[in-house]
């Protein structure tokens, strides 16, 4: 499998991934991702070069967004001063579930963040999705805290405020052929 930077042509696939994941999550009893993600907002992140696609031959198997930008209101000033990269929208196609592709993507992201000079790989997860939280903990992340206030809509409750992090580092076991550009170094 290869990983490459998403292009605007990937937008329909990314939106379909989100819908597939939302349907699966609903079947698992979760309310995560029930609102459609704005296509224009997703296109902006694609154009920023922070969205990546895993291809298995002609099939798109997974996606991950990896950015040096933290979502407002989640991380405190001390944490924001530490060189970090942030994982968002990690999604694996149901056709590739059960192969730990998500774990391999997290290892790839930690390696990429390390090469960019980041010390931490950080993420926020759905506050009510305990299975997802356990998944991240099982992949080396440490729980930091849960932020429940200051959501994006009118400062209301935040639905994705379960914060976790792990140190970045070299990773060779992800078994993904990296076709992306070398990350720009951050200041440590």
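Before moving on, here are some points about what is shown:
- Leading residue by the ranking (modelled with the highest pLDDT) among those in the stretch 139-152 that are out of contact with any strand residue (DSSP E or B) (no Cβ under 7 Å at 6 or more places or on another chain) and over 18 Å from residue 90 (Cα atoms): 150
- Among the candidates 73, 29, residue that is modelled with pLDDT under 95 and over 19 Å from residue 120 (Cα atoms): 29
- Residue within the stretch 63-71 that is in contact with a helix residue (DSSP H, G or I) (Cβ under 6 Å, 6 or more places away or on another chain), under 14 Å from residue 167 (Cβ atoms) and buried (at least 20 other Cβ atoms within 10 Å of the Cβ) present: no
- Lone unmet requirement of (1) buried (at least 21 other Cβ atoms within 10 Å of the Cβ); (2) assigned to a helix (DSSP H, G or I) for residue 95: (1)
- Residue satisfying all of: in the stretch 153-174; within 18 Å of the chain's Cα centre (by Cα) and at pLDDT below 90; surrounded by the fewest Cβ atoms within 10 Å (Cβ to Cβ) among these: 171
- Test for residue 182: is it exposed (fewer than 13 other Cβ atoms within 10 Å of the Cβ), more than 24 Å from residue 82 (Cα to Cα) and modelled with pLDDT under 75: no
The values are calculated or read from the model by the stated rules, or taken from the named source; none is laboratory data. As the structure is a prediction and not an experimental result, all values here were calculated from the model. Every residue, glycine among them, receives a Cβ derived from its backbone with ideal geometry; neighbour counts consider all protein chains shown.
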